[in-house]
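Notes for the one structure printed next.
Coordinate-derived values only; no laboratory data. None of these values were measured; they are calculated from a predicted model. Cβ: placed from backbone, ideal geometry, glycine included. Neighbour counts: every protein chain shown.
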Amino acid sequence: MDAMTDMGTLDRSITDVCPEYTVRKDLVGAVKGNALVPTYVLEYLLSKYATTTDQASIDAGVDRVRTILADNYVHREEANLIQSKIREKGRYQVIDKVQVALNEKTDQYEATFENLGISRVIVDPETVRKNPKLLVTGIWCLCMLVYAYSGEKNEVPWRLHRLMPVQMSHDDREHYLAVRERFTAGEWIDLLMQSVGFNPSLFSDRAKLLHLVRMIPFVERNYNLIELGPKGTGKSHIYSEFSPHGMLISGGEVTVAKLFVNNTTGRPGLVGFWDVVAFDEFAGRAKKAGKDLVDIMKNYMANKSFSRGVSVMQAEASMVFVGNTSHNVPYMLKNSDLFEELPAQYHDPAFLDRIHYYLPGWEFEQIRSEMFTHGYGFVVDYLAEILHNQRDVDYGAAFERYFTLSSTLSTRDKDAIRKTFSGLMKLIYPSGNATPEQMEPLLRCAIEGRKRVKDQLCRIDSTMAEVDFSYTRAGSADPIAVRTLEETDYPDLYWRDRPDAVASIAAEDATLFAPQLATADSDTGTGVVETAGAGAGTDDGGTMPAVVVQPNDAEQTNDAARSESVNVKAVSVASPASGETSQPIAVEPEERKLTPIERWAVQAKEGHVEFREDQRGVTYAKLFGPYVAGAREITIKDPYIRLPHQIRNFAEFLETVFNYTDRSDEVHVHLVTKYTETQYIDEQVDGLNKLQTMFGQLGIVFTYEFDDSGHDRSIVTDTGWRVILGRGLDIYQPFDSNWLNPLVRQQRLRRVKAFEITYVSSK
């Protein structure tokens, strides 16, 4: 089938307008194999041999690139073998990273081959003139090497016969700007997303903008960015694979000599050679950093200079710090601050104040296979060269004709906002031409990222003055406040010492949501509007602060209406499973002081319940909700969390825990189960690991172990409850798992197997 038949409008446009610099992004994974060659090198080769839209030509091009890699790419461990091939055959073609330096003693240019492990290879001056990047960072090349041993003592036998770069050695800015004019802003953002490998249709406008913020260090000089968030969200990928101008340092620890300058040799460090220096795995309280390193980093991040000995040096490398968080956002806001994961040496107001933007890593989804694009985008090396050469452009003041920042902002605050805005402008509107309406979302994004830094600094350092992160439109006197998203989601935690700020946000939200809530209450007939703090017990963890409808109201109301159909053979006392506790409860005035979690917890009663086969209306919320309400430690033993549908059941149990516990506290859930059949163990472990990751982001710390000796089925909480499970969690009859089936989404519609359950209190 011709690839053109499966192309969208955006793909057709980019392949028509800029065919020589585009590539189909899914082809990279198809050809990479075990080669450690960077993505930008692969895309360069694909753009040369598989850039058409004809499927047969693409297939032939992919085969050609595979052959080139298989025959010519040098793996480090095969260096001796390749050297031998060159000697035995007399000549051989290799793909390797080549860097050239002038040997002033011999007045010759000499090349070093990184993977092949040879050096002092003579390069003619004309080759260097055509490819000046050989002298700077080095470039990946397809080279023909000749072996000619003469017996001379100091002569190198390796000869460079031919060199062809396999990455961009120049950029065409005028052509790039002309291409940009052929697309709308939205189309251009989607094209940038596809260029870095993502399917833009799966991301919101806000998510796309935050992804672009990751690219700002490549287009903006001396930009300081930090991103902290859960694992698996692709925080470091762009800094290792996107551009030949970026350097990713793994482990987060580096020396002064490596980063800035070696006093012994006088050779500049990484900041002198790279556009971006990114620190991977930067977070970790146990990590150590010398005071001299932190001090010199602070000076460099503020002044673009560093001193070692008697000299002062300038550099323009942007600094990026990425790391994983151990806790979710409400936990950090309640117990510490959003910088809590940083090593103690970097948890320093003077260092943090130099950060231009705090990128909220918790807003990025975990990377899934379907998030990668099959469409066309720019060859990343072409785009990287464009961005590299746009670093000398500054659009930081472009918004000031139309907007005025608050006068309370410090110079550092304003500089940070201007640099972020400038970077986004260069990415989205590279010509600098944009309307006020187009600029405003970029300005708000820039303000929010700096506000996140400053607000946390005020927590860490009580002497730091709070400022007003707002702006005004030209011709208006009304300031427009900018909030961080977590400030909106968790106002009472974000402003834990500022009840006036919480009240202000609550008042605004009440005005915004009150009409909707009134309509909802009228429609459901519940007439229940709750006011809750810290998002406790809400489905969304408190995303609608101050005025929220309690979770499961609709489900519990419907379940209560059906409670007569639940056949209970023997009940020693009333239990949630019987349906009685889901009936409306008259609340005395003094009892209204109880939190929602406390009200659920008091509904838990001791008892024994039996259910008939094929009954409906039985949910985990009714069976377990009151018994896990407010718990922080839960141990569940169920030997049959093994098959896909059983793991799905366990996920629904974790959802119940999530709904009945406080989102500002971590809840630890430990599962003891059995291994499944040998051939399915990997699938079982993979499913449990996914639950760990997904619920970990929600504050549910899930762990598990395998114990093939036990058959007990129970739930034990640190609130004093033991729930004895007759069948474990596998209580539902098999059903079609198609998402369109309402049984997948609503437990109360499912039929159950016959089972018993007992509630025992140790209080």
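Quote the relative contact order of the chain in percent (integer), defining contacts as alpha-carbon pairs under 8 Å separated by 6+ residues.
Numbers: 1382 pairs, mean separation 73.4, N = 763.
After rounding, I find 10 percent.
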Item to check | Computed over the range 3-72, the ratio Rg/Rh where both radii use C-alpha atoms and Rh is Kirkwood | outcome: 0.97
Item to check | Label-to-label distance, nm, for residues given as Arg66 and Glu652 (7 Å Cα→Cβ offset) | outcome: 4.4 nm
Checklist outcome for this item: To the nearest 10 degrees, the tilt of helix 79-89 (Cα long axis) against the first principal axis of the alpha carbons of the chain is 40 degrees
Checklist outcome for this item: Checking rank on 325-334, 7-16, with mean other Cβ inside 10 Å and highest first, the result is 325-334, 7-16
Next on the checklist: Let me check the size of the range 615-655 from its C-alpha atoms; what are the radius of gyration and Dmax in Å?
Outcome noted: 11.4, 32
Checklist entry - Hey, what do the phi angles of the range 335-346 turn into as Karplus ³J(HN,Hα) couplings, whole Hz, using 6.51/-1.76/1.60 and θ = phi - 60°, x for Gly and Pro? => result 9, 7, 7, 6, 9, 4, 7, 6, x, 4, 5, 9
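Using Cβ counts within 10 Å as a stand-in for footprinting exposure, how do Arg173, Arg722 rank, fewest first?
Numbers: Arg173 13, Arg722 16.
In increasing order of surrounding Cβ atoms, one gets Arg173, Arg722.
Quote the relative contact order of the range 3-72 in percent (integer), defining contacts as alpha-carbon pairs under 8 Å separated by 6+ residues.
Relative contact order of the range 3-72: 33 percent.
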Next on the checklist: How tilted is helix 411-428 with respect to the longest principal axis of the chain? Cα atoms for both, answer in degrees (0 to 90, nearest 10).
Outcome noted: 80 degrees
Checklist entry - Among the aspartates and glutamates, which fall within straight-line cross-link reach of Lys85, defined as a Cα-Cα distance under 14 Å, with same-chain neighbours fewer than 8 residues apart omitted? => result Asp71
Checklist outcome for this item: HN-Hα couplings for the range 749-763 via Karplus (6.51, -1.76, 1.60; θ = phi - 60°), in whole Hz with x for Gly/Pro, come out as 8, 7, 8, 10, 7, 5, 7, 10, 8, 10, 10, 10, 9, 9, 7
Checklist entry - Dividing the alpha-carbon radius of gyration of the range 608-709 by 2.2 N^0.38 Å (N being the number of residues), what value is obtained? => result 1.11
Checklist entry - For the residues Lys291, Lys258, what sequence is obtained by ranking on other C-beta atoms within 10 Å, fewest first? => result Lys291, Lys258
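Suppose we look only past 33 Å in the calculated P(r) of the chain. What percent of the Cα-Cα pairs does that tail hold? Don't skip to the end; give the middle numbers.
On the way: 178516 of 290703 pairs.
Above the 33 Å cut-off, the chain has 61 percent of its Cα pairs.
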Checklist entry - Quick one: of the DSSP bridges fully inside the chain, what percent are antiparallel, nearest 5? => result 65 percent
Checklist entry - Please state the relative contact order of the range 174-293 as a whole percent: Cα pairs under 8 Å, 6+ residues apart? => result 19 percent
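Which ordering of Ile296, Ile715 is given by a fewest-first count of other beta-carbon atoms within 10 Å?
Values: Ile296 19, Ile715 26.
In increasing order of surrounding Cβ atoms, one gets Ile296, Ile715.
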Checklist entry - What are the residues whose amide H is under 5 Å from the amide H of Ile249, where those residues sit 5 or more places off or on another chain and H is modelled from the backbone? => result Ala278, Phe279, Asp280
